[in-house]
Amino acid sequence: MNTSQEVTGIPQHALDRLKGLRQANQPGGIFTSDLSVNEFLLVREAGFEPLGLVVGSCIYHVGVQLSSWSKNEEMIVLSQAMYHARELAMSRMGEEAALLKADGVVGVRLEVKRLEWNEHILEFMAIGTAIAHREGQPGFKGVNGRPFTSDLSGQDFWTLLHSGYRPLEMVMGSCVYHVAHQGMLSGLGNLGRNVELTQFTQAMYDARELAMERMQHEAMEAGAEGITGVVITEKSHNWQPHVIEFFAIGTAVKPIHDGVVSDVVAHPQIVLSVNG
């Protein structure tokens, strides 16, 4: 186990907690997990064992950027801040997984919340369950031999593997965008009419496209074949009016055996609920 000086950004208390967890190919220690019972069983059925919860945190001061009242434009300073802070949180979670000698992390949640003591300070947290192949089978690590990261549930992870694919890493794209205000004369002219607000449409369209394009670029650099479970969110984070962050995230995947995908896909099963 590395010391705190050797691991950037991970406090000593976290290192002490990790020492008590199970490590790959070492049965001693306990595991911790936020997997449901069904997820836990399916992860084990896929040949993997949970090692422990891994966490990455970053408290970040988001800078200020001025915008033109009447102009659609990206707030580049804010876009870079939101991306960098998430990247720090994700990398620290990945470092914890590497210390446990994990193959990867499933069920990752990436959360952002504003701290009350300063409107410009946000907390970014990444948390998931580190897992390792029960028999130490190689070939499941992510990019550059690091543990893969994925927001797949235990069920989706099992299904993905049985379809001949494996997760590489969570990929994301962020764009903070200022949507121009509508002039007073334009607003009065639209009163009582059904009419598209083309300036607003174009701004929202452009911002989403930028976020998705950046996510796709990350997947291409990772050598992925595609991205599953893409989610696109829009939040204002209590910034000034007309400033919105568009955030795209998903799990980049590729065939378990390069260029070879199994034609045998797990068949769905009919389940009847007994909960009424």
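The values are calculated or read from the model by the stated rules, or taken from the named source; none is laboratory data. Computed from a predicted structure; not experimentally measured. For neighbour counting, all protein chains shown are included, and Cβ atoms are generated from backbone atoms with ideal geometry for every residue, glycine included.
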Exercise for review: Search segment 219-248 for residues that are under 19 Å from Met82 (Cα atoms) and at pLDDT below 90 and pair each with any residue that is outside any strand (DSSP E or B) and of a type in the set (D, E, K, R) when their beta-carbon atoms are under 8 Å apart and the residues are at least 6 apart or on different chains.
Suggested key: Asn238/Glu119
**Study point:** Residue match in segment 158-169 (condition: part of a helix (DSSP H, G or I), of a type in the set (Asp, Glu) and out of contact with any His (no Cβ under 8 Å at 6 or more places or on another chain))
**Key:** no
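Looking only at residues in segment 249-267 that are farther than 19 Å from Tyr83 by Cβ and at pLDDT 60 or above, which one is farthest from the chain's Cα centre (by Cα)?
Out of the qualifying residues, it is His267.
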Review point. Yes or no: Phe140 modelled with pLDDT under 95, under 27 Å from Glu87 (Cβ atoms) and in contact with a Gly (Cβ under 7 Å, 6 or more places away or on another chain)?
Key: yes
Exercise for review: Select from segment 3-34 the residues that are assigned to a loop (DSSP other than H, G, I, E, B) and aliphatic (A, V, I, L, M) and write down the one among them that is modelled with the lowest pLDDT.
Suggested key: Val7
Check your understanding: What strands (runs of 3 or more DSSP E), lying completely within segment 41-149, carry at least 3 residues that are over 23 Å from Gly173 (Cβ atoms)?
Key -> 48-61, 121-133
